[in-house]
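These notes concern the structure reproduced below.
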Amino acid sequence: MTDTLVRPQRRARVGASLFASLRPLTGVFNRPVTLLAGSRLLPFWSVVRHRGRRSGRSYATPVAARRTDGGFAIPLAFGETADWCRNLIAAGGGVVRWGGREYPVTEPLIVDAERATAAFRPFERRGIRALGIRRFLLVRDAPR
């Protein structure tokens, strides 16, 4: 990808208070959701496997994702400061489990919604707008 990294947004989003109230619950829900996310049963959900920037530990985080030409578009519901996003950027990639398959990915890039929402179905785009999600992480399939 030839684009450069988009600077983090500091202003409040419409859905920011909703996501702020859900953040403490992610520790409770991530473990069971990770078992089904990325399977063929839940095509909208995937699992991002990444390594901690400081700890070096392996993590698996369930996220919404859609397949694009040669990669994935992942809405940044909790913003670009979410640990999984920062870890992918620091490492230059990771693995996305989607549709029952593992995809090594590289070249993480934060973009505005206009660039990424074409990968989503119309009703998903409406939901993304309603929740105030304005940033996405694009990743490319790693060369085999």
Listed highest first by mean packing, meaning other Cβ atoms within 10 Å per residue, what order do 134-143, 94-103 come in? 134-143, 94-103
Sorted on mean Cβ neighbours within 10 Å (highest first), peptides 73-85, 57-69 come out as 73-85, 57-69
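Each reported figure results from applying straightforward, stated rules to the coordinates on display, with no laboratory input. Note that the structure is a prediction, hence the values are computed from the model and not measured. With ideal geometry, Cβ positions are generated from the backbone for all residues, glycine too; neighbour counts draw on all protein chains shown.
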